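Inspection log for the structure reproduced underneath, given as structure tokens.
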Amino acid sequence: MDKKRYAVIEKYTTPFVQLVIEKGQQKDVFEKLQQIKDIFDNTHLAAFLSHIGVDDTEKERSLRYFQGSDSSLIDNFIEVIIHNHREDLFYDILVESLHQLEEISNEFEVTIKSVQGLSEEQKSKIIPIIERKFGLQVRSLKEELDASLIGGFIITANNKTIDASIKRQLQTVKENLK
């Protein structure tokens, strides 16, 4: 993404996020924005909105489907984007808004890769450790199964990783034997 495009995205994102924080609605707005992002990720809506051959009224109509939630902040935010004909930037603005809300609140989704799923007891024990090691609050845990790890786990949050997998330990031993 070029600097000019990012500057436009920031022009919409920063005031919106500041307003959300002022109103104390970061948790509710984050959840709703994440749901909208999930819809975009599972469809081709971002490509549709940024396609030059799609009529502006169709783009507007598509974005209006996300209005009418119980969040007037999101409804008004979408209205501003439509009013300024920035539908093509909506997905990027959405992603940047989520990122800024995470950074400000210091709450992140944590991904744990392991060979088998964790029990509720294991999750409750590992969350405080993750929060202490990463210096953040766990918003949610996302589990991914990966048999190639052999054992152990890989924890990722806020662009940081702890790799305590058997696979990595075996690779380290292999490298040390060379």
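The values are calculated or read from the model by the stated rules, or taken from the named source; none is laboratory data. Because the structure is predicted, anything quoted here is derived from the model rather than measured. A quick note on method: Cβ atoms are made from the backbone with ideal geometry, for glycine too, and the neighbour counts reach across all protein chains shown. Note: accessible area is taken over every heavy atom of the protein model, side chains too, but ligands, DNA and RNA are not part of it. Shrake-Rupley method; radii C 1.70, N 1.55, O 1.52, S 1.80 Å.
Numbers below:
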read-out	value
Failed item in (1) open to solvent by 80 Å² or more (accessible area, probe 1.4 Å); (2) closer than 30 Å to ASN159 by Cβ; (3) in contact with a helix residue (DSSP H, G or I) (Cβ under 7 Å, 6 or more places away or on another chain), with SER114 passing the rest	(1)
Restricting region 16-37 to residues that are within 19 Å of the chain's Cα centre (by Cα) and open to solvent by 70 Å² or more (accessible area, probe 1.4 Å), the residue that is farthest from SER105 (Cα to Cα)	GLN35
Number of the condition not met by ILE150 [criteria: (1) open to solvent by 50 Å² or more (accessible area, probe 1.4 Å); (2) under 27 Å from ARG5 (Cα atoms); (3) of a type in the set (A, V, I, L, M)]	(2)
Any hit, region 102-110, residues being open to solvent by less than 20 Å² (accessible area, probe 1.4 Å) and under 13 Å from TYR12 (Cβ atoms)	no
Yes/no for ILE126 being crowded, with 19+ Cβ neighbours inside 10 Å and not small (Gly, Ala, Ser)	no
Those residues of region 59-108 which are closer than 17 Å to VAL29 by Cβ and either without any contact (Cβ under 8 Å) to a residue 12 or more places away in the chain or in contact with a His (Cβ under 6 Å, 6 or more places away or on another chain) (or both), in sequence order	GLY68, ASP70, SER72, ASP75, ASN76, HIS99, GLU103
Meets criteria (among the hydrophobic types (A, V, I, L, M, F, W, C) and either in contact with a His (Cβ under 7 Å, 6 or more places away or on another chain) or assigned to a helix (DSSP H, G or I) (or both)) for PHE16	yes
Residue within region 37-53 that is of a type in the set (Ser, Thr, Tyr) and part of a helix (DSSP H, G or I) present	yes
Qualifying positions in region 38-56 - closer than 25 Å to SER140 by Cβ and open to solvent by 90 Å² or more (accessible area, probe 1.4 Å)	ASN42
Filter result for SER62 (open to solvent by less than 60 Å² (accessible area, probe 1.4 Å) and not aromatic (Phe, Trp, Tyr))	yes
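Per-residue answers, yes or no, for (1) more than 25 Å from PHE40 (Cβ to Cβ); (2) of a type outside the set (Lys, Arg); (3) open to solvent by less than 50 Å² (accessible area, probe 1.4 Å); (4) part of a helix (DSSP H, G or I):
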position	(1), (2), (3), (4)
ILE74	no, yes, yes, yes
GLU79	no, yes, no, yes
ILE82	no, yes, yes, yes
PHE90	no, yes, yes, yes
GLU96	no, yes, yes, yes
GLU121	yes, yes, no, yes
ILE130	yes, yes, yes, yes
